[in-house]
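Structure, as structure tokens:
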Amino acid sequence: MGEVRKTFGLAGVTAGSTALCMVGKEGAGLAYRGYNIADLVEHSNFEEVAYLLLHGKMPTRAELDAYIAKLKSLRRLPDELKTVLEMIPQDAHPMDVQRTGVSFLGNIEAEGDFSNQADTADRLFASLPSMLLYWHRFHTDGVRIDTATDDDSVAGHFLHMLHDKPSSELHRKCLDTTLILYAEHEFNASTFTGRVITGTLSDMHSAVTGAIGALRGPLHGGANEAAMELIQQFPTAEKATAGVLSMLGRKELIMGFGHRVYTTSDPRNAVNKKMSRTLAEENGDMTLYEVSEAVENVMWDEKKLFANADFFAASVYHFIGIPTYLFTPIFVCSRITGWAAHVMEQRANNKLIRPAADYIGPGLQTYVSIDER
Ligand code: COA
């Protein structure tokens, strides 16, 4: 049994190769196609990172301008898709809205023979925020928004549709930074799901639909929403410390902590934490930040567990006025770049992904007919 448990969850198992992302390698932290995220966050923007992932190299200024213009031209939704979005109930989870939106787009804009796969990727990338916020605004404000805003960035487009006005530069920049940090992460559960689907020579819409389903759970992308629900319960840092201590005493999982690959820290956390502090200061109320920091300290002191990318992303999104139930869908709007890049990488050197299982059921049985049982 011990031998069997070792491979549970495929922990530590190498299941393929990728040129897209280096995670947790000595000294490298997290790097996309060889570019460290610290440099990308400092000097780049999300569209440039998306181009790097999807098109294999850093764009020139002209290439980036053309790419931004292309993405802007792909933000409009077909009328049939708008009708579907209007039919999805208001109390649906927005991850399910995106899952259905991508799947439906696969019906009316089917990928065909994969020869235009880069265009399919760009279309999904450009339209995911549109789908989400068209549905959100229709049901919360009773309006049919024009999703083709003139904002150059994905972050600006997202916040403009959400708040019905252009965002402040600080809020746009903070959202842009989290989009860079969420864009790609090697063989995480949702990406691996997408590669498994791709490995059968299925289409990109199916791979992304499956990946959204995998990202939805609280052990993966759903952790940012769960982290928000956790920190919001505590009115002070002292109460947060006591509350988390008693949760740990009851052996409860604290969402936004721990990681399958990183062992001592998540390189994305320091960036999110710094933004959370800046936004709390702008907000003039440090409580949520102090509560978050108290939870982080208890988790380290008690369990040597560190905050992952989702933990401080929660307060960042909260401070820029994003409702909690849209947190994980933002992750989708970013990770679509990594997913689509993995779909293309898988196709370039495809092999069906079909592992084996250790059989633990009964030995061979004698079949007894139904009337004699
Ligand atoms: N809160 C409390 N305890 C935790 C924990 C957390 N967030 N994460 C791990 N642990 C504990 C486990 O209970 C386990 O304890 P045990 O050995 O006494 O049973 C030990 O640490 C090892 O955890 P394990 O679940 O085996 O690690 P994993 O590699 O399978 O899981 C995660 C990795 C990310 C799924 C896990 O850390 C987790 O559930 N985190 C919370 C969800 C989350 O933030 N997900 C987003 C990841 S980016």
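Bear in mind that the values in this text are calculations on the coordinates, not laboratory data. As the structure is a computational prediction, the values presented were derived from the model and not from experiment. Cβ sites come from the backbone with ideal geometry, for glycine too, and all protein chains shown count toward neighbours.
Couplings 3J(HN,Hα) of region 133-144, computed from phi: 7, 4, 4, 4, 5, 4, 7, 8, 10, x, 10, 9 Hz, in residue order, whole Hz [Karplus 6.51 cos²θ - 1.76 cosθ + 1.60, θ = phi - 60°; x for Gly and Pro]. Remark: the VAL143-LEU364 segment gains 73.4 nm on full extension, using 0.36 nm per residue and subtracting the alpha carbon distance. Computing FRET efficiency as 1/(1 + (r/R0)^6) for HIS93 and ASP301, where r is the C-beta to C-beta distance and R0 is 51 Å, gives about 0.90. Placing +1 on the Cβ of every Lys and Arg and -1 on the Cβ of every Asp and Glu, with nothing else charged, gives region 144-278 a dipole about its Cα centre of roughly 580 debye. Once you divide the Cα radius of gyration of the chain by 2.2 N^0.38 Å, the number left is 1.04. Toward the positive end of the charge dipole of the chain, with +1 on the Cβ of Lys and Arg and -1 on the Cβ of Asp and Glu, the farthest Cα among GLN117, ILE360, THR209 is that of ILE360. When both region 7-48 and region 297-373 are represented by their alpha-carbon centers, they are found 17 Å apart.
Overall, the chain carries a charge dipole of about 760 debye about its Cα centre when +1 sits on the Cβ of Lys and Arg and -1 on the Cβ of Asp and Glu, all other atoms neutral. Computed about its Cα centre, the charge dipole of region 234-283 is approximately 200 debye, with only Lys, Arg, Asp and Glu carrying charge at their Cβ.
Per-peptide packing, taken as the mean over residues of other Cβ atoms within 10 Å, places 264-273, 83-92 in the sequence 264-273, 83-92 from highest down. In the elastic network of the chain, a GNM with C-alpha springs shorter than 10 Å, the most mobile of ALA341, ALA223, ALA242 is ALA242. Only helices enter the 222 nm calculation for the chain: every DSSP H run of n ≥ 4 contributes -39,500 (n - 2.57), and dividing by all residues gives -19000 deg cm²/dmol, rounded to 500. For region 217-229, putting each phi into the Karplus relation 6.51 cos²θ - 1.76 cosθ + 1.60 with θ = phi - 60° gives couplings of x, x, 7, 10, x, x, 5, 5, 5, 5, 5, 5, 4 Hz, in residue order, rounded to whole numbers and with x for Gly and Pro.
When you count the other C-beta atoms within 10 angstrom of each residue and take the mean per peptide, 63-74, 225-236 line up highest first as 225-236, 63-74. Peptide packing: for 97-110, 9-22, 248-261, 179-192, the average count of neighbouring Cβ atoms within 10 Å per residue gives the ranking 179-192, 97-110, 248-261, 9-22, highest mean first. Springs between alpha-carbon atoms under 10 Å, Gaussian network over the chain: tell me which of SER315, SER167, SER115 tops the mean-square fluctuations. The residue that fluctuates most here is SER115. Sorted ascending by nearby beta carbons within 10 Å, beginning with the fewest, ASP371, ASP203 become ASP371, ASP203. Could you sort out which of LYS251/LYS304; LYS239/LYS274; LYS72/LYS165; LYS72/LYS274 sit more than 20 Å apart by Cα distance in this structure? From LYS251/LYS304; LYS239/LYS274; LYS72/LYS165; LYS72/LYS274, over 20 Å: LYS239/LYS274; LYS72/LYS274. Taking amide hydrogens as placed 1.01 Å from N in the peptide plane, the amide H of CYS21 sits under 5 Å from those of ARG33, each at least 5 positions away in sequence or on another chain.
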